[in-house]
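The values are calculated or read from the model by the stated rules, or taken from the named source; none is laboratory data. Here the structure is a predicted model, which is why all the values come from computation and not from measurement. Backbone-built Cβ (ideal geometry, glycine too); neighbour counts: all protein chains shown.
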Amino acid sequence: MASSEQLGLATELRETADIITMYHNVWQKQNKTTLNPTRKELRCLKRKDLVEALAKNLPVGTIRFGCHISKNFEDSDCHCTVLSTVDGSTIKARVLIGCDGANSMAAQYLGLGSPSHLPRLVHLGFTSYLHGHPFGTRFLRFAAQDFAVGRMPVNENLVHFFVTRSSPSTPVHASPTRVLRESTCSRSSKTALPRSPRWCGGATRPRQKP
């Protein structure tokens, strides 16, 4: 939260997410469990809450959404960076922060190396509990041989979860979401995982290392 303190947004953001106090790690293969306190302030912030907090403190029109950047170049006349979008629009920016993922146009412009791909499927999402969840303020990570799940409370009614496993060694025709869902349900009958997980608005994709 140090950066949000400097921006004057920390107080507002703290109201959107509860503090996480413990790391709870479970390794099935080693039959090992650890429970350690967090050393620094840790909260699970929704990106929507963060962007809205930033937007409220910036001039109207500073943040633009839904812009797919196709290329960027420097303009010596205006001493700025000109961004071209796939729909033909242009944006002139005095400051450009490249945080557009593994296939970043900003990274390509700077001549950074290509991202390396990790052969894993990852599903991220949220699960809501109308009457509150029973997980307290712990960040749980459960790891098996090639499979891991985790959960982190956002607030008393909302929990962030992730599921990750190695990609199939042979090509499959099913979607990554279906592969991961079926794998999770199958593993849940053999481990301490809850049955029938709710897949609430997440995104499944191959994990990329920037």
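If you take the residues in segment 1-22 that are more than 19 Å from the chain's Cα centre (by Cα) and among the acidic types (D, E), which one is surrounded by the most Cβ atoms within 10 Å (Cβ to Cβ)?
Here the answer is E12.
Give me a count of the residues in segment 23-37 that are of a type in the set (A, V, I, L, M) and surrounded by fewer than 16 Cβ atoms within 10 Å (Cβ to Cβ). So that I can check it myself, show each step before the final result.
Applying the first criterion (of a type in the set (A, V, I, L, M)) to segment 23-37 yields 26, 35.
If we keep only those that are surrounded by fewer than 16 Cβ atoms within 10 Å (Cβ to Cβ) too, we end up with 35.
Count: 1.
Any idea which residue in segment 39-53 is surrounded by the most Cβ atoms within 10 Å (Cβ to Cβ), counting only those that are under 27 Å from R141 (Cβ atoms) and without any contact (Cβ under 8 Å) to a residue 12 or more places away in the chain?
Going residue by residue through segment 39-53, those that are under 27 Å from R141 (Cβ atoms) are 39-51.
Narrowing further to those that are without any contact (Cβ under 8 Å) to a residue 12 or more places away in the chain: 39-40, 47-48.
Details: R39: 7, K40: 6, R47: 7, K48: 9.
Ranking the candidates gives K48 first.
Has segment 8-19 got any residue that is free of Cβ contacts under 8 Å to residues at least 12 places away in the same chain and part of a helix (DSSP H, G or I)? Let's see the steps before the verdict.
At the first step, the residues of segment 8-19 found to be free of Cβ contacts under 8 Å to residues at least 12 places away in the same chain are 10-11, 15.
Within this subset, residues satisfying the condition of being part of a helix (DSSP H, G or I) are 10-11.
Yes, that holds for at least one residue.
Among N36, N57, which is in contact (Cβ under 8 Å) with a residue 40 or more places away in the chain and closer than 28 Å to E156 by Cα? If you could, list the steps in order and put the result at the bottom.
Details: N36 fails: in contact (Cβ under 8 Å) with a residue 40 or more places away in the chain.
Just one listed residue meets the conditions, N57.
Within segment 54-75, take every residue that is of a type in the set (V, I, T) and assigned to a loop (DSSP other than H, G, I, E, B) and give me the one that is surrounded by the most Cβ atoms within 10 Å (Cβ to Cβ).
Narrowing segment 54-75 to residues of a type in the set (V, I, T): 60, 62-63, 69.
Then drop every residue that is not assigned to a loop (DSSP other than H, G, I, E, B), which leaves 60, 62-63.
Working: V60: 6, T62: 9, I63: 12.
The qualifying residue surrounded by the most Cβ atoms within 10 Å (Cβ to Cβ) is I63.
Determine which member of the set Q145, Q108 is outside any strand (DSSP E or B) and touching a residue at least 60 places away in the same chain (Cβ under 8 Å).
Details: Q108 fails: touching a residue at least 60 places away in the same chain (Cβ under 8 Å).
Answer to the check: Q145.
With T184, T204, T164 as the choices, which residue is buried (at least 17 other Cβ atoms within 10 Å of the Cβ), in contact with a strand residue (DSSP E or B) (Cβ under 6 Å, 6 or more places away or on another chain) and modelled with pLDDT of 75 or more? Steps first, answer last, please.
Details: T184 fails: modelled with pLDDT of 75 or more; T204 fails: modelled with pLDDT of 75 or more.
Testing whether each residue is buried (at least 17 other Cβ atoms within 10 Å of the Cβ), in contact with a strand residue (DSSP E or B) (Cβ under 6 Å, 6 or more places away or on another chain) and modelled with pLDDT of 75 or more leaves just T164.
Which members of segment 136-156 meet the condition of being acidic (D, E) and out of contact with any Gly (no Cβ under 8 Å at 6 or more places or on another chain)?
Taking segment 136-156 as the starting set, the residues that turn out to be acidic (D, E) are 146, 156.
Answer for segment 136-156, where residues must be acidic (D, E) and out of contact with any Gly (no Cβ under 8 Å at 6 or more places or on another chain): just D146.
Scan segment 1-30 for residues that are farther than 21 Å from L158 by Cα and at pLDDT 90 or above and jot them down.
First, the residues of segment 1-30 that are farther than 21 Å from L158 by Cα: 2-9, 26-30.
If the condition is that a residue be farther than 21 Å from L158 by Cα and at pLDDT 90 or above, then V26, W27 are the ones that fit.
Does R64 meet the test of being basic (K, R) and either more than 28 Å from Q108 (Cα to Cα) or in the same structural domain as H160 (by TED's automatic domain parsing) (or both)?
Numbers: basic (K, R): yes; either more than 28 Å from Q108 (Cα to Cα) or in the same structural domain as H160 (by TED's automatic domain parsing) (or both): no.
Spelling it out, it is not the case that R64 is basic (K, R) and either more than 28 Å from Q108 (Cα to Cα) or in the same structural domain as H160 (by TED's automatic domain parsing) (or both).
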